[in-house]
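The values are calculated or read from the model by the stated rules, or taken from the named source; none is laboratory data. Just so you know, these numbers come straight off a predicted model, no measurement behind them. Here the Cβ is made from the backbone with ideal geometry for all residues, glycine too, and neighbour counts use every protein chain on show.
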Amino acid sequence: MKRLVVPIIALTLFIPTQRADALFGVGLKYVGDSFSVGEWSDGTTLYSLSGSGFDGAALGGLFVYIDAIPFIDLEASFEMSGAPYDLEFQNSVTSLPATKFGWTRLSTYYTARKEVFGLGLPILGGGAIHVGGGINSHQTSKLADLDMMSGIIGDLATGGEGMKLESQVEDFVKNKDNWIEGSGVHLQAGLQMKVLTFNAFVNYRITMAEDVVPDAKSFSSIWAGLAFGL
């Protein structure tokens, strides 16, 4: 079934359809990512680390769209998605209590979409089903590992006197060298509804990009947004 998705979307981009009134707009959206990262652990004779893993991530972002171009619509969005997880780090001398860490994704999506058919929704003002695809780029935070924690905390054999873990973690996150960059392509399908002067969107998206979600070459997302249309 997945093998048919790309040719079907490519074909529909060239099939004429009845278009709604030309619009452009800007809005806010909620994003929920679907994937799973299992528990992990690492260690030596001196140190040990374990992460709790997490299922999915969520947050939101901004998007703009243009419906005024013949045959095709354009959409650009910036979004952030994140998930918390527990981390435990210890050695033979001392240990830290379980610490909350977070995995974060910062992404930009550019999408070309095609109206497949319109929907008669007189009370809401009309709607349409779209399919499309595009390109994307990402920055994701590294999962905590033994080298990372050793660099943040320093030599725990001294007992960590004077160590401020929160500020150390903050400095680590702000360092661009500790983020992973990636890019890829995506496919998207969803519903656009006009509600008075607003446009509501609900979309399902498959992102095919390596080095974004740990140990995965793709992940799916559902995003819903509300935009002010002009």
*Scan the stretch 57-69 residue by residue and report those that are over 23 Å from T104 (Cβ atoms) and either touching a Cys at 6+ places or on another chain (Cβ under 6 Å) or touching a residue at least 24 places away in the same chain (Cβ under 8 Å) (or both).*
Y65, I66, D67, A68
_Of all residues making up the stretch 177-230, the number that are loosely packed, with under 15 Cβ neighbours inside 10 Å and basic (K, R)_ = 1
*Somewhere in the stretch 59-70, is a residue of a type outside the set (S, T, Y), surrounded by fewer than 18 Cβ atoms within 10 Å (Cβ to Cβ), at pLDDT below 95 and touching a strand residue (DSSP E or B) at 6+ places or on another chain (Cβ under 8 Å)?*
yes
*Among the residues of the stretch 28-47, how many are in contact with a helix residue (DSSP H, G or I) (Cβ under 8 Å, 6 or more places away or on another chain) and in a strand (DSSP E or B)?*
3
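Suppose the filter is in contact with a Lys or Arg (Cβ under 8 Å, 6 or more places away or on another chain), farther than 22 Å from G184 by Cα and aromatic (F, W, Y); does Y47 pass it?
On the way: in contact with a Lys or Arg (Cβ under 8 Å, 6 or more places away or on another chain): no; farther than 22 Å from G184 by Cα: yes; aromatic (F, W, Y): yes.
Judged against the criteria, Y47 is not a match.
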*Scan of the stretch 69-88 for residues that are in a strand (DSSP E or B) and more than 30 Å from A144 (Cα to Cα), ordered by number*: D73, L74, E75, A76
*How many residues are β-branched (V, I, T) and without any contact (Cβ under 8 Å) to a residue 12 or more places away in the chain if we restrict to the stretch 19-56?*
1
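I need the full set of residues from the stretch 3-47 which are among the polar types (S, T, N, Q) and either modelled with pLDDT of 80 or more or surrounded by fewer than 16 Cβ atoms within 10 Å (Cβ to Cβ) (or both), in order please. Before you say what the answer is, go through the steps one by one.
Start the filter on the stretch 3-47 by keeping residues that are among the polar types (S, T, N, Q), which leaves 12, 17-18, 34, 36, 41, 44-45.
Across the stretch 3-47, the qualifying residues are T17, Q18, S34, S36, S41, T44, T45.
Conditions tested, residue by residue: (1) under 23 Å from the mean Cα position of the chain (by Cα); (2) modelled with pLDDT of 90 or more; (3) within 30 Å of S48 (Cβ to Cβ).
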residue	(1), (2), (3)
T94	no, no, yes
A112	yes, yes, no
L121	no, no, no
G126	no, no, no
I129	yes, yes, no
H138	yes, yes, no
D155	no, no, yes
G159	no, no, yes
_Among the numbered criteria (1) under 15 Å from the mean Cα position of the chain (by Cα); (2) assigned to a strand (DSSP E or B), which one does L191 miss?_
(1)
